[in-house]
Amino acid sequence: MAKQYAEWFYKSDAWKKTRAAFIKASGGYCERCMKEFKAGTRSLEEVQPIKIVHHRKHITPDNINDPRVTLSFENLEGICDEHHNKEHKAKKKRYSFDKDGRLIPNE
């Protein structure tokens, strides 16, 4: 889900056109799945279509009006839901549980 400050951007014609053109130009398949396929760690049947056009450099309130960040193919990556979820869940969690179930802060 888009952050509130970016909702207007993702509804804009400029983004919709850029997104569609990027998917077409990139072949329609997840770039990370294809990389794994070429490395031999994913079968061709496991390669997923692009579901999300991801900004490599994330959009912020400071750069949302900069088309070099928001609309440049150089800053875009076509990925599937699986890889998008990995990207955003890869951040280290602040807490975890020890073997006895006690909450402990991660370093």
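Surface analysis of segment 1-70 yields an accessible area of 71 Å² per residue, using protein heavy atoms and a 1.4 Å probe. Near Arg19, once Lys and Arg are set to +1 and Asp and Glu to -1 for all other residues with Cβ below 13 Å from its Cβ, the sum equals +3. Taking the 1.4 Å solvent-accessible surface of the chain as the whole, the part contributed by carbon and sulfur is 54%.
Every pair of different Cα atoms in segment 15-91 enters the Kirkwood calculation, which places the hydrodynamic radius at 13.1 Å. Each Lys and Arg Cβ is given +1 and each Asp and Glu Cβ -1; about its Cα centre, segment 14-69 then shows a dipole of about 180 debye.
About the centre of its Cα atoms, the chain shows a dipole size close to 100 debye [charges on the beta carbon of Lys, Arg (+1) and Asp, Glu (-1) only; nearest 20 debye].
Bridgeable lysines around Lys99 (alpha carbons under 24 Å apart, same-chain partners fewer than 8 residues away excluded): Lys89, Lys91.
The values are calculated or read from the model by the stated rules, or taken from the named source; none is laboratory data. Everything numeric in this text was worked out from a predicted model, so none of it was measured. Positions of Cβ are backbone-derived with ideal geometry, glycine not excepted, and every protein chain shown enters the neighbour counts. Accessible surface is based on the protein model in full, side chains and every heavy atom, while ligands, DNA and RNA are left aside. Shrake-Rupley method; radii C 1.70, N 1.55, O 1.52, S 1.80 Å.
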